[in-house]
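Written below as structure tokens is the structure these notes are about.
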Amino acid sequence: MQKPESRNIMTKKKTWIEKRDLEKKPEVKRIEKDFADIPAGSTMLIPTPQLVNEFIKSISKGRSLDIKTIRKELAQEHGAEYTCPVTTGIFLRIVAEAAFEELQNGKNIEAITPFWRVIDPRSTLAEKLSFGRELLLEMREKEDF
């Protein structure tokens, strides 16, 4: 018996920019079980990377917001009681990495999404960023945080 020929199909890994710009719609769902800080029976917004990106772009220069505040405001804007903490954290990283990719591609720092207004340099998320904490610290210092 002959084995079928295996195919070596290489799939191209998406860039952070492609991940950020995926066309998705945010959803509001009622959750049945307690989840993180969200009690069962509550409505929860599942955002998108684009939604998180647009929200961060709306934060004024020199102003900083924490992720809890962002989750609260996004939930209110979309008629939900809460915003999913897991997807919000993941999408925040996608937004930061995509902005850094844009910076590496020659885009001016003033033209990228100001993720440093949201990500605390001491946070676990900051540790995961491919570019480290230095850019966060530098931009926060420039904006007098």
*Inside the range 74-145, counting only helices (runs of 4 or more DSSP H) that do not spill past its ends, which hold 1 or more residues that are within 17 Å of the chain's Cα centre (by Cα) and of a type in the set (F, W, Y)?*
85-104
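Collect the residues in the range 52-71 that are touching a residue at least 40 places away in the same chain (Cβ under 8 Å), of a type outside the set (V, I, T) and either in contact with a Ser or Thr (Cβ under 7 Å, 6 or more places away or on another chain) or assigned to a helix (DSSP H, G or I) (or both), keeping them in residue-number order.
Within the range 52-71, N53, K57 meet the criteria.
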*Within the range 23-49, can you find the residues that are of a type in the set (A, V, I, L, M) and modelled with pLDDT of 95 or more?*
V28, I31, I38, A40, M44, L45, I46
*Mind checking which residues of the range 97-145 are closer than 21 Å to Q50 by Cα, small (G, A, S) and surrounded by 12 or more Cβ atoms within 10 Å (Cβ to Cβ)?*
A98, A99, A126
*Return the total of residues in the range 77-96 being closer than 15 Å to W116 by Cα, out of contact with any Ser or Thr (no Cβ under 6 Å at 6 or more places or on another chain) and buried (at least 20 other Cβ atoms within 10 Å of the Cβ).*
5
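Do we find that L74 is surrounded by 19 or more Cβ atoms within 10 Å (Cβ to Cβ) and either without any contact (Cβ under 8 Å) to a residue 24 or more places away in the chain or not charged (D, E, K, R) (or both) in this structure?
So L74 fits the description; yes.
The values are calculated or read from the model by the stated rules, or taken from the named source; none is laboratory data. The structure presented is a predicted model; accordingly, all values stated were derived computationally and were not measured. Neighbour counts run over all protein chains shown; Cβ positions are idealised from the backbone, glycine included.
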